[in-house]
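Inspection log for the structure reproduced underneath, given as structure tokens.
Laboratory data are not the source of any read-out in this text; all were calculated from the coordinates shown. Being a predicted model, the structure only gives us computed values, none of them experimental. No Cβ is skipped: glycine too gets one built from the backbone with ideal geometry, and neighbour counts run over all protein chains shown.
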Ligand code: ADP
Ligand code: MG
């Protein structure tokens, strides 16, 4: 498999807490990888390290042939990897559509230098059109003018996906996209993700819901105490002794 993303020997500790230890992972174009593991196993930290929110202590990360482990988050977004957060926080005074449009500004670096120029107005028009289309796709049009901070937890997750998509990524990493989301909305999230994948987007999804994983993911990668202990098809998970041990609380032998 030629890898779109390669994580090689990545380690990360917080003080004496070794959260990621010698993590090696290849993700090919078009995959939908489910990232699983008990709470505290390092899933969010792995996403944070790949997307530049935490610096790896060791190892390297290559995306489309380019080393990215030292790049800050906004540069990584521009190389083509966007992400959502486990607990999205929203600015107090901005509406839903303003938050989505601001994400485009960050992603494409259209900033203050263009303010008030025809170029800025055109960029704003494009961002508004794109935000509108994505809000529609993720069912947020009815709340587009509400304060983003007033949304429900599930709606904030959807807005997080919209913001990530504003960057037009080729790879999207989602941190627990369905946790706390109303069951009625889950189906819409699944549909939206499958559509994105059909359009060529590679997805990495931190997820606990086995039903979701079996339905959506083409492969599962399991973390336990900072180690990858399994990489297999979703239907092979139930038979994996190390995975069962990790989830039963005993932890797997490394
Ligand atoms: P998961 O997403 O699998 O539940 P996390 O990656 O959030 O796990 O956390 C793994 C471990 O790293 C936990 O022990 C957590 O307390 C610790 N951790 C995560 N981020 C930080 C941080 N910024 N500072 C200190 N410890 C952290
Ligand atoms: Mg997490």
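The figures follow:
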{"item": "Computed over the stretch 171-215, the ratio Rg/Rh where both radii use C-alpha atoms and Rh is Kirkwood", "result": "0.93"}
{"item": "FRET efficiency estimate (nearest 0.05) - Cβ-Cβ, residue 187 to residue 129, R0 41 angstrom", "result": "0.95"}
{"item": "For the stretch 65-196: span of alpha carbons on each principal axis (Å, largest first)", "result": "43, 38, 27"}
{"item": "Between 0 and 90°, nearest 10: helix 183-198 axis offset from the chain longest Cα axis", "result": "90"}
{"item": "Ranked list, fewest to most other Cβ atoms within 10 Å of each Cβ, for 96, 10", "result": "10, 96"}
{"item": "Helix 118-137 axis, angle to the chain major axis (alpha carbon atoms, nearest 10°)", "result": "50"}
{"item": "Choice from 43, 92, 130 showing the highest fluctuation, given a GNM over the chain with Cα pairs closer than 10 Å", "result": "92"}
{"item": "Hydrodynamic radius (Kirkwood) for the chain, which is based on Cα pairs only, to one decimal in Å", "result": "18.9"}
{"item": "Sorted largest first, extent of the stretch 31-97 alpha carbons per principal axis (Å)", "result": "40, 31, 27"}
{"item": "Which of 145, 175, 57 has the fewest Cβ neighbours within 10 Å, and the rest in rising order", "result": "145, 57, 175"}
{"item": "For the stretch 185-254 versus the stretch 153-170, the gap between their alpha-carbon centres in whole angstrom", "result": "20"}
{"item": "Amide N proximity, the stretch 179-211 versus residue 141 label position 7 Å along Cα-to-Cβ, cut-off under 17 Å", "result": "188-189, 192"}
{"item": "Choice from 26, 157, 12 with maximal GNM fluctuation in the chain (Cα, 10 Å cutoff)", "result": "26"}
{"item": "Folded to 0 to 90 degrees: helix 96-108 orientation relative to the chain principal axis, Cα", "result": "70"}
